Amino acid sequence: LPRVLLDALHGSYLEERGGDDLSPEDQDDAWRWAQAPRQLGSPPLRRVGADHCNVFDYLVDESRRRGDGIAPEATTHAALEHASPGDAGSIAATASRQRRHGLAEVALRRQYAAVSRQVGVDISVVLAIRNNLAITLQAQRRLIEAEAEYRAILAEAVAGQVDLLQVRSNLATLLQEQYRWGEAEAEYRAVFAALAAQPPPASGIDVLKLRNNFAALLADRKSVV
């Protein structure tokens, strides 16, 4: 872990557990204690170079055993401040699985900003991040923003840079959620036509789920006619 991250989180767990009774000690004293050898085992932290530390495996295992697998918001936001683009993407994926879509959005926007600053970045990586961001916005029911992202991806991408059929499938479900049935049906039919014209695997789309969504769309349209 980066030392700056550990510095940023210094004392937060003590404050949560005991308030003023366990107020954080001086930062230098805390580092000396954490890196001091133990009589019956390794120190909690071991310096790796000037800027990073390894955490004793037992502490990680014990934290997982005691916890519910969900890191506190303060910890996650501090981690994002010092995360690489890849780590920010991993945090976003974990947050999405936990249905913490607001946190996933923060992580994806940090990942996108970091990747966009890189020289010679692969455009497919940028588009994949934007697609994940659109999915996260859609999960938050921010449908106008999500639609804008999907349409921007479709306008900018070429074949091979991103799974365009998956993006169009996502757009179809979004239009369906907005009761824009004519537009949604057109998108579904375009995706089905493209899938039929390409040898498998043409896309990562879950075709059965896609057909189920399309059937629901047709049923909804029929019910209001």
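Below, the figures for the structure above:
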quantity: Residue that is farthest from D206 (Cα to Cα), among those in segment 144-169 that are open to solvent by 20 Å² or more (accessible area, probe 1.4 Å) and not in a helix (DSSP H, G or I); calculated: V158
quantity: Single condition A134 does not satisfy, out of (1) small (G, A, S); (2) crowded, with 20+ Cβ neighbours inside 10 Å; (3) not in a helix (DSSP H, G or I); calculated: (3)
quantity: Residue in segment 48-55 that is under 30 Å from V125 (Cα atoms), surrounded by 16 or more Cβ atoms within 10 Å (Cβ to Cβ) and at pLDDT 70 or above present; calculated: yes
quantity: Any pair with Cβ under 7 angstrom, 6 or more apart, that starts in segment 78-102 at a residue that is within 24 Å of R142 (Cβ to Cβ) and open to solvent by less than 30 Å² (accessible area, probe 1.4 Å) and ends at one that is at pLDDT 90 or above and not aliphatic (A, V, I, L, M); calculated: L80/R110; A88/R110; A88/Q111; G89/Q111; A92/Q111; A92/N132
quantity: Any hit, segment 171-185, residues being within 19 Å of the chain's Cα centre (by Cα) and open to solvent by less than 40 Å² (accessible area, probe 1.4 Å); calculated: no
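The values are calculated or read from the model by the stated rules, or taken from the named source; none is laboratory data. Quantities reported herein were computed from a predicted structural model and do not represent experimental measurements. Backbone-built Cβ (ideal geometry, glycine too); neighbour counts: all protein chains shown. Ligands, DNA and RNA are stripped out before the accessible areas are found, and what is left, the full protein with its side chains, is counted by its heavy atoms. Shrake-Rupley method; radii C 1.70, N 1.55, O 1.52, S 1.80 Å.
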